[in-house]
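These notes are about the structure you will find just below.
The values are calculated or read from the model by the stated rules, or taken from the named source; none is laboratory data. On a predicted model such as this, the values are computed, not experimentally measured, just so you know. Positions of Cβ are generated from backbone atoms using ideal geometry, with glycine treated the same way; all protein chains shown enter the neighbour counts.
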Ligand code: FES
Ligand code: FES
């Protein structure tokens, strides 16, 4: 006998807006965010937890790999994607620092790199060099080598009281 996993309605709040979506047990948060919710800022690279370009922030503001997270486990919860960082038309400090330091080249990894950096900055008010290296180790960038990225993060940290 073939069994077909049943789809279920789930509730997910993304960047403060709540969506009710029909989800199959096989779908990930990345599938739901890019699919029925239609926010394409979060990128899909490896889809196996290796590249980090799908990184978003969880309810505690920590970095979360959306390609590895079964969507139904997040029923009733909230996430933040790169589209949710700016406020009132103003870039978040990490976004502004990326612009100022030229931390973007081809841009494919940039949403995941920014959300990893934001997760780090949410977790540590004044991250050390080791914290920065550890916090950014899970996301790959073939263009920048993370040099300008880490300069941008250090600038945000330096400006914090
Ligand atoms: S898409 Fe590569 S870690 Fe998620
Ligand atoms: S800017 Fe091109 S992969 Fe990171």
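Listed values, structure above:
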read-out: Count - residues of segment 45-60 that are within 16 Å of ligand 2 (Cβ to nearest atom) and touching a helix residue (DSSP H, G or I) at 6+ places or on another chain (Cβ under 6 Å); value: 4
read-out: Failed criterion for residue 22 (all others in (1) in a loop (DSSP other than H, G, I, E, B); (2) loosely packed, with under 15 Cβ neighbours inside 10 Å hold); value: (1)
read-out: Residue match in segment 110-119 (condition: touching a strand residue (DSSP E or B) at 6+ places or on another chain (Cβ under 6 Å) and under 30 Å from residue 6 (Cβ atoms)); value: no
read-out: Some residue of segment 17-24 being more than 15 Å from ligand 1 (Cβ to nearest atom) and under 16 Å from residue 115 (Cβ atoms); value: no
read-out: Any hit, segment 31-42, residues being under 25 Å from residue 150 (Cβ atoms), in contact (Cβ under 8 Å) with a residue 24 or more places away in the chain and outside the structural domain of residue 153 (by TED's automatic domain parsing); value: yes
read-out: Residue 109, sole failed condition from (1) within 11 Å of ligand 1 (Cβ to nearest atom); (2) surrounded by 18 or more Cβ atoms within 10 Å (Cβ to Cβ); (3) farther than 15 Å from residue 142 by Cα; value: (3)
read-out: From the options 41, 61, 84, 49, residue that is on the phi > 0 side of the Ramachandran plot and away from ligand 1 (no atom under 13 Å from the Cβ); value: 61
